[in-house]
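Here's the structure we're looking at; comments come further down.
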Ligand code: AQP
């Protein structure tokens, strides 16, 4: 009985996650994020956001951005996110995100943000030329999560530091104002198979912004393009080993085995055993077949959805309304706590 009760409590926990509409959604986004988001719908109340305010921290062409927001929403739905069961919306349509982020800019300390490695990576050598928005990206991310008092945030390893900052902001807010208002977020960092690397360079992650289209499998690629990209993927001359250890210094080989294991839902070790001693020509043929089988329904659904922008706009508008309804009382209470209203 107690167990049933705690399961029910868990089912009401809130999940928040999002992706930036900065280009073509790819296999890395799918295996590292969307597929897990879809699976989490069975156990949690889920809020999935197209984080367009995060996207504009680097310049986005307005026309392209409009298309990318719709395409991102289409990718979420095609990957299994049910816009009725979950809330799907774009961040800019819920102004409370930006407002809470401002309040958090006044809570977070400069020293905390100075330590954020993603800013250093993304700003590169010319950090004086980076936007202020890119610098305070993590406080907007904290607002995204805490605006809904979400406690589960499935993200990649690269976002771990930002989640820790979210915890620090929640804690400082609670301490400063003597309240127990914001929850302390549980990081749900996805480990095995969570990081899909570029098909051209096994040490770089598969990314929307990579100039080479051969570095990634887009969720819009047809069977021919998928097979060609896998055939051209960089590998080495050795066959697949029978153990994982032997893949340690073979990043490209490890990446392809990782993709196979994630798509087949099999442990990496099992994939090594199954293909042990086989060359990459044979392995790539099997991987192509599997990738096409798993991705074809997603590609077909993406293309159907992309042909119906009015439907996507309707989903995003309905999602924004639901998100606004959840956010409004929380932001109102924040205003009261910090003395902006009585
Ligand atoms: N290669 C990847 N492997 C596994 N997971 C990935 N994610 C992104 N790339 C990979 C996960 O997808 C979610 C949404 O990511 P995002 O678009 O908000 O941010 P990103 O990590 O910056 O993605 P990109 O493709 O690299 O975009 P650009 O090139 O614009 O920076 C996140 O959960 C992320 O972990």
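No lab work stands behind these numbers, since they all come straight from the coordinates. This structure is a prediction, so every number in the text was calculated from the model and none was measured. Because the Cβ atoms are built from the backbone with ideal geometry, glycine has one as well, and the counts that use them run over all protein chains shown.
Observations on the model:
- Across all directions, the average projected area of the convex hull around the alpha carbons of the chain is 19.7 nm².
- The residue 180 and residue 276 beta-carbon pair, evaluated with R₀ = 41 Å, returns a calculated FRET efficiency of approximately 0.15.
- Counting only alpha carbon atoms, the long axis of helix 251-264 and the longest principal axis of the chain meet at about 80°.
- Principal-axis tilt of helix 2-11 within the chain, Cα atoms, nearest 10 degrees: 90 degrees
- Using only alpha-carbon positions in the stretch 105-181, the gyration tensor eigenvalues give semi-axes of 23, 15, 10 Å once each is multiplied by 5 and square-rooted (largest first).
- Once the convex hull of all Cα atoms in the stretch 263-307 is built, its volume per residue stands at 72 Å³.
- Given R0 = 45 Å, the distance between the Cβ atoms of residue 59 and residue 328 translates into a calculated FRET efficiency of 0.90.
- Coarse-grained scattering of the stretch 213-303 at q = 0.14, 0.21 Å⁻¹, given as base-10 log I(q)/I(0) from a Debye sum over alpha-carbon atoms: -0.47, -1.00
- The chain - mean residue ellipticity at 222 nm from DSSP helices (-39,500 (n - 2.57) per run, n ≥ 4, rounded to 500): -16500 deg cm²/dmol
- Taking the longest Cα principal axis of the chain as reference, the axis of helix 309-338 is set at about 40 degrees.
- Zone residues, the stretch 45-73, relative to residue 113, backbone N less than 14 Å from point 7 Å out along Cα-to-Cβ: 57
- Put simply, when 111-121, 166-176, 46-56, 205-215 are sorted by average Cβ atoms within 10 angstrom per residue, most first, you get 46-56, 166-176, 205-215, 111-121.
- Most fluctuating residue given options 35, 12, 216, as computed from a GNM of the chain linking Cα atoms under 10 Å: 12
- Here the stretch 43-142 has an Rg and Dmax of 15.4, 44 Å, counting Cα atoms alone.
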